[in-house]
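Before any comments, here is the structure.
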Amino acid sequence: MRRFLLHLCTIIGFVILSPAATAASDTLPNIKQANSLRHFVREIWTTREGLPHNSVNAMAQDQNGYLWLGTWQGPTRFNGREFEIFDDVRVTGLPDIGIYTVALNPCNGSLYVGGARGGISRYDDGHWLELQPAPPFINQLSVDKQCNLWVASSEQGLLFYENDQRVATFTTQHGLPSNAVYQSLVDNDGHLWVATNKGLAVKRADNTRFERIDSVPGHLIRELKLTPDGKLIIGTQQGLYIQTDDGQFERYLTELEASISTIHYTPDGDLWLGTFRQGVWRYTGNRFESLTVATGLPNNHVLDIQHDHEGSIWVSTHGGLVQFRDALFKTYTTEHGLSGNYVRSVYQWNGAIYVGSSNGVTRIDINGVETVGANTPLAEQSVLSFAEYQGNLVIGTYTGGAFVWDGEQIVKQYNQSNGLSGDEVRQIAVHPTFGLFLGGPGGITHIAADETNYLTATDGLKNNYTTALAFDDDDTLWAASVSGLVAIKVKSTRSGFSYDIRDIDLSGLNDAELIFQIQHYNDYLWFASDRGLIAHHLPSKSWRIFNRDQGLPFDNFLSVEFDGEANLWLGSNRGAIFIAHDAITEALKRPEQPLSFQRYTEVDGMSNSQVNSGGPALFQSSAGNVWFATASGVSVIDPNALTSMAATPPPTVIAAVTADGNALEYGQEVAADTQRIAFDYAGLGYLMSDHIQYQVRLVGFDEHWVDKGKFTTAEYTALPANDYLFQVRASYPGGEWSEPANFAFSRSEHFWQQPSTWLFILIALALTAFLLVRARIRFLNRSRRQLEKMVSEKTAELETIARQDPLTGLGNRRAFDERLRLEMKRSSRSGADLSLAIIDVDFFKQINDEFLHTVGDQVLVELSKLLRRVLRDIDYAARWGGEEFAILLPDTDLEQAIDAAERMRVAVENHDFSALLGDTGLTISIGVANNQYYPDHSSLLVAADQALYQAKEHGRNRTEHK
């Protein structure tokens with residue numbers, strides 16, 4: 001987090017501290033899997049919402065984030081709001097518009113579609129390429145790890161395409177049980193599995209013929225899938241079969257008696273199943289859940305299941321398309337088994353979460369939710385606090401004192417009758433040497449072995465009503481009350497204990513007095529108070545406060561905690577406040593820096609936006625999750641959910657444009673007397689829709705992007721005559737900005753600005769004003785030429801930007817594709833060699849993870865400079881995407897290209913990156929191909945990409961060629 005500039009070294013230590021949390025106990029509940037299938041947020045699209053056909057046969061998400069749908073009305077691309085239908089067979093090259101299967105090629109990001117009449121076409125960067133058709137009917141397209149295409153046909157077996165050319169066909173002559181093939185799959189060992197209408201067959205990696213698998217029924221099989229551990233799972237008309245350790249197959253999840261249509265595993269290991277007549281099912285490791293038409297599914301025949309880049313689950317049916325998305329927060333209430341909804345404290349003990357409510361204690365673990373001590377006095381208590389002491393759980397209550405629970409029973413109770421200063425125990429602090437400290441309205445009771453001592457206002461406390469207790473690493477007990485804060489130095493003596501109580505003056509911190517929770521994290525103590533968030537740097541003894549003056553939404557905070565990613569969370573009566581690790585670090589280092597935050601409430605899945613105070617009311621579990629005690633149950637969030645949801649920016653659209661209330665079309669010219677032009681836009685993200693942020697820019701008016709926060713409208717008044725381009729982009733909090741959506745328009749001149757008007761006036765005024773008219777005309781013509789020059793320069797600038805990678809200054813993929821086509825034409829005319837090298841930075845994800853994305857970007861910039869120095873003037877380098885670069889080598893044969901690639905590789909290996917990466921070196925892998933072997937640009941790209949894949953497979957930091 002942030003530090004003071006005076007203590008920069010300490011700050012740096014705080015920043016680089018690994019945010020990883022302690023490994024979660026096996027008994028803790030999995031936050032994602034804890035959600036019931038019916039509790040997911042569901043959204044349904046049908047033809048009413050623009051879906052071209054309610055039967056969505058297949059789905060795939062491309063690398064740009066578009067969701068592609070195979071429908072009977074053509075391949076369809078979905079951006080979250082609108083459906084774009086490619087139903088012109090003259091464009092796609094398909095024999096008809098009926099699409100039954102789609103497949104993404106992960107090697108180059110292109111997309112294959114196949115239809116009922118056997119047509120196959122590949123979509124890549126706005127262009128369609130027709131492939132040699134297959135026999136009707138195509139059941140499935142799939143792409144293996146070597147980027148080869150497999151086509152399952154209904155009548156003529158399994159077809160194999162390499163570099164988009166059909167090279168082989170497998171039929172019953174090769175051992176298949178039938179030529180009616182429904183699906184194929186190449187497993188991790190290179191074995192080719194084929195599902196037919198007469199059972200399952202496999203061609204081993206070391207064999208040329210297929211063998212029949214007799215342990216699977218010899219009937220129709222529609223679905224093959226690899227489990228997360230690499231076993232083959234099969235969907236049949238009789239249910240599921242799974243591969244055993246001996247390579248045979250047995251029934252799997254026998255309780256599901258259904259005809260399986262599709263199988264899908266999510267990244268977290270959940271098994272989703274589509275059936276022909278029984279809807280969609282989810283298996284979470286120990287239980288089945290299902291949805292049918294009766295419980296909200298549009299149709300019981302499920303055709304495909306996919307998960308998108310944001311983690312949503314998409315289910316296609318004969319009745320429409322369904323999106324299942326998770327909320328940020330998971331909630332437990334009395335409906336889930338809590339003993340009470342008004343929760344004051346939450347704690348982890350013995351691998352389980354304990355929730356203290358106004359109606360007792362509840363335990364939450366992997367086995368479920370259960371009441372603790374249902375037949376003991378605990379069931380009647382209002383619970384305020386928790387702590388672990390001598391292997392037991394200490395439970396502080398409102399009227400019963402403190403109970404000591406050993407997991408089975410109450411082994412001790414501290415109350416007013418046996419030495420406690422009062423029966424209300426709001427806070428508990430534990431020290432391994434000094435013992436137990438219990439705080440409440442009557443002060444602090446210190447219990448150690450057989451000795452009990454009391455600390456009150458007469459001993460130096462600011463007020464008897466104790467609200468927070470915590471020890472720091474120096475064994476100092478910090479005690480907060482309704483009237484302020486003290487630091488207590490506890491010492492053990494021969495005669496007992498002594499207490500040196502030091503008053504802490506908070507008057508310079510917005511006159512803070514009432515502190516609700518104290519959190520010790522790294523070198524800081526954090527205090528949630530009624531006047532803001534207070535940070536105390538222990539080594540320097542310095543103090544800071546964060547409240548409205550630093551950008552927070554209000555001053556009163558009831559709890560504070562850090563999650564497993566070192567982000568800071570605050571509890572308040574108006575929701576949970578999230579402050580990213582980098583944001584709090586920057587604010588501590590630079591006092592003038594405004595503190596950025598996000599506020600989460602019920603719309604994000606919290607049970608209630610009122611987060612209570614308690615001991616503690618905010619708690620990080622060993623899994624790194626943060627639990628919130630609220631006025632209506634306990635809510636929990638996995639901090640990784642924030643990162644994953646923000647990772648993919650929401651696509652942005654301009655929904656409507658009006659000029660003085662009238663609709664404006666793209667490229668339209670508005671009248672000169674137009675006073676107000678308004679733009680309505682939206683970011684098409686569904687995971688955190690209430691937190692999407694926007695920036696807008698009117699090219700020709702604004703010099704820079706303008707922050708709009710969460711506003712979805714931008715207005716401009718009295719614009720001067722000009723040509724304009726309106727742009728809007730969106731992002732999730734802490735995420736990247738989306739590509740901008742654009743809208744072009746122009747505003748005409750007033751009649752008195754037009755040369756023809758001045759000419760008419762001059763004629764009317766007669767010849768006496770001739771010289772003045774000529775001067776005016778010359779002025780206007782000069783102005784017009786300047787304006788045209790400005791527009792031309794701006795257009796050229798925009799064209800340059802559109803073809804340039806903003807980070808490295810190299811060409812982007814669009815520019816590279818144009819240059820490649822140009823060089824291919826030149827080479828074809830002249831007969832000269834043209835070579836292509838594709839470069840990938842080795843282990844670049846580890847660099848980003850270890851040194852953050854900022855350093856990763858600097859590494860890419862340094863690498864691009866190095867490539868410029870190594871390459872010839874006639875060579876052309878571009879950033880292919882991410883950490884990949886593409887190099888065109890004109891007039892260079894394959895051997896020369898390999899030599900050039902090796903020079904680049906050695907230059908990078910020997911280059912000093914220590915200023916950015918320290919002792920970590922940097923290497924690259926290179927794939928090279930030549931047009932003498934691959935004469936068109938698509939095959940040349942695929943060959944170079946395959947060579948790069950071989951270089952990475954063979955150990956990286958090497959050059960391979962095709």
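Here is a list of conditions, (1) over 21 Å from V942 (Cα atoms); (2) of a type in the set (A, V, I, L, M); (3) surrounded by fewer than 17 Cβ atoms within 10 Å (Cβ to Cβ), and L185 meets all of them except one; can you say which number that is?
(3)
Being of a type in the set (D, E) and in contact with a helix residue (DSSP H, G or I) (Cβ under 7 Å, 6 or more places away or on another chain) is the filter here; which residues of the range 419-464 pass it?
D423
Closer than 30 Å to I838 by Cα and among the charged types (D, E, K, R), is that true of D96?
no
Only one of (1) buried (at least 19 other Cβ atoms within 10 Å of the Cβ); (2) closer than 25 Å to V372 by Cα; (3) among the aliphatic types (A, V, I, L, M) is not met by I444, so which one is it?
(2)
Okay, residues lined up against (1) surrounded by fewer than 14 Cβ atoms within 10 Å (Cβ to Cβ); (2) at pLDDT 95 or above; (3) among the hydroxyl-bearing types (S, T, Y):
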residue	(1), (2), (3)
I221	no, yes, no
P228	yes, no, no
G235	no, yes, no
Q243	no, yes, no
E255	yes, no, no
W281	no, yes, no
F288	no, no, no
H301	no, yes, no
I305	no, yes, no
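Return the only residue of S492, S507 being over 31 Å from the mean Cα position of the chain (by Cα), outside any strand (DSSP E or B) and among the hydroxyl-bearing types (S, T, Y).
S507
Would you be able to say whether some residue in the range 344-360 is at pLDDT below 90, farther than 20 Å from R426 by Cα and surrounded by fewer than 21 Cβ atoms within 10 Å (Cβ to Cβ)?
No, the range 344-360 contains no residue that is at pLDDT below 90, farther than 20 Å from R426 by Cα and surrounded by fewer than 21 Cβ atoms within 10 Å (Cβ to Cβ).
Residue-by-condition table, conditions (1) farther than 30 Å from R821 by Cα; (2) in contact with a strand residue (DSSP E or B) (Cβ under 9 Å, 6 or more places away or on another chain); (3) crowded, with 19+ Cβ neighbours inside 10 Å; (4) at pLDDT below 95:
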residue	(1), (2), (3), (4)
G114	no, yes, yes, no
R117	yes, yes, no, yes
V151	no, yes, yes, no
G157	yes, yes, yes, no
H174	yes, yes, no, no
D189	yes, no, no, yes
V194	yes, yes, yes, no
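Determine whether I213 is more than 38 Å from the chain's Cα centre (by Cα), in the same structural domain as L159 (by TED's automatic domain parsing) and crowded, with 17+ Cβ neighbours inside 10 Å.
So I213 fits the description; yes.
Looking only at residues in the range 576-610 that are acidic (D, E), more than 19 Å from L687 (Cα to Cα) and outside any loop (DSSP other than H, G, I, E, B), which one is nearest to the chain's Cα centre (by Cα)?
The qualifying residue nearest to the chain's Cα centre (by Cα) is D582.
Out of the range 622-650, which residues are in a loop (DSSP other than H, G, I, E, B) and within 21 Å of the chain's Cα centre (by Cα)?
Matches in the range 622-650: A623, G624, N625, D638, T648, P649, P650.
Just to check your reading of the model, which residue among G80, G93 is more than 27 Å from E49 (Cα to Cα) and not aromatic (F, W, Y)?
The unique qualifying residue is G93.
Mind listing whichever residues of the range 484-517 are among the small types (G, A, S) and buried (at least 16 other Cβ atoms within 10 Å of the Cβ)?
G484, A487, A512
Just one of the numbered conditions (1) in a helix (DSSP H, G or I); (2) more than 18 Å from R813 (Cα to Cα); (3) modelled with pLDDT of 90 or more is not true of A915; which one?
(3)
Yes or no, residue by residue, for (1) at pLDDT below 95; (2) polar (S, T, N, Q); (3) under 26 Å from the mean Cα position of the chain (by Cα):
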position: A58; (1), (2), (3): no, no, yes
position: T76; (1), (2), (3): no, yes, yes
position: E84; (1), (2), (3): yes, no, yes
position: I99; (1), (2), (3): no, no, no
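Is it the case, given these coordinates, that N57 is in the same structural domain as Q183 (by TED's automatic domain parsing) and assigned to a strand (DSSP E or B)?
yes
Among (1) in a loop (DSSP other than H, G, I, E, B); (2) of a type outside the set (S, T, N, Q); (3) on the phi < 0 side of the Ramachandran plot; (4) surrounded by fewer than 21 Cβ atoms within 10 Å (Cβ to Cβ), which single condition is L461 missing?
Only one criterion is unmet by L461, namely (4).
Listed residues A944, A900; which is among the hydrophobic types (A, V, I, L, M, F, W, C), in contact (Cβ under 8 Å) with a residue 12 or more places away in the chain and under 27 Å from L149 (Cβ atoms)?
Answer to the check: A944.
Got a sec? Which strands (runs of 3 or more DSSP E) wholly within the range 217-287 have at least 2 residues that are closer than 23 Å to W314 by Cα and without any contact (Cβ under 8 Å) to a residue 60 or more places away in the chain?
Those strands (runs of 3 or more DSSP E) span 221-226, 232-236, 239-243, 260-265, 271-275, 280-283.
Assess whether E902 counts as being more than 28 Å from the chain's Cα centre (by Cα) and either of a type outside the set (D, E, K, R) or at negative phi (or both).
Yes, satisfied.
I'm trying to understand the selection: among the residues of the range 633-686, which are modelled with pLDDT of 85 or more, surrounded by fewer than 19 Cβ atoms within 10 Å (Cβ to Cβ) and among the aromatic types (F, W, Y)?
Y666 - this is the single residue of the range 633-686 that is modelled with pLDDT of 85 or more, surrounded by fewer than 19 Cβ atoms within 10 Å (Cβ to Cβ) and among the aromatic types (F, W, Y).
If we keep just the residues of the range 552-596 that are closer than 15 Å to A641 by Cα and of a type in the set (D, E), which is modelled with the highest pLDDT?
D563
Mind listing just one residue for me: the one in the range 740-759 that is at pLDDT 70 or above and either among the basic types (K, R) or part of a helix (DSSP H, G or I) (or both) and, of those, farthest from G700 (Cα to Cα)?
Filtering first and then ranking leaves L759.
Of the conditions (1) assigned to a strand (DSSP E or B); (2) over 20 Å from D206 (Cβ atoms); (3) polar (S, T, N, Q), S184 satisfies every one except a single condition; which number is it?
(2)
What residue, among those in the range 196-210 that are part of a loop (DSSP other than H, G, I, E, B) and of a type in the set (A, V, I, L, M, F, W, C), is surrounded by the fewest Cβ atoms within 10 Å (Cβ to Cβ)?
A205
Take F885 and decide whether it is surrounded by fewer than 20 Cβ atoms within 10 Å (Cβ to Cβ) and aromatic (F, W, Y).
In short, no.
Pick out the one residue from F527, F597, F628 that is closer than 30 Å to V369 by Cβ, touching a residue at least 40 places away in the same chain (Cβ under 8 Å) and aromatic (F, W, Y).
Criteria check complete, one pass: F628.
Any residue at all in the range 865-878 that's in a helix (DSSP H, G or I), acidic (D, E) and either crowded, with 17+ Cβ neighbours inside 10 Å or assigned by TED's automatic domain parsing to the domain that holds G126 (or both)?
Within the range 865-878, not a single residue is in a helix (DSSP H, G or I), acidic (D, E) and either crowded, with 17+ Cβ neighbours inside 10 Å or assigned by TED's automatic domain parsing to the domain that holds G126 (or both).
For the range 360-419, how many residues meet the condition of being at negative phi and not in a strand (DSSP E or B)?
The number of residues fulfilling the criteria is 21.
The values are calculated or read from the model by the stated rules, or taken from the named source; none is laboratory data. What you are looking at is a predicted structure, and each value in this text was computed from that prediction instead of being measured. Glycine gets a Cβ as well: all are built from the backbone with ideal geometry, and neighbour counts include every protein chain shown.
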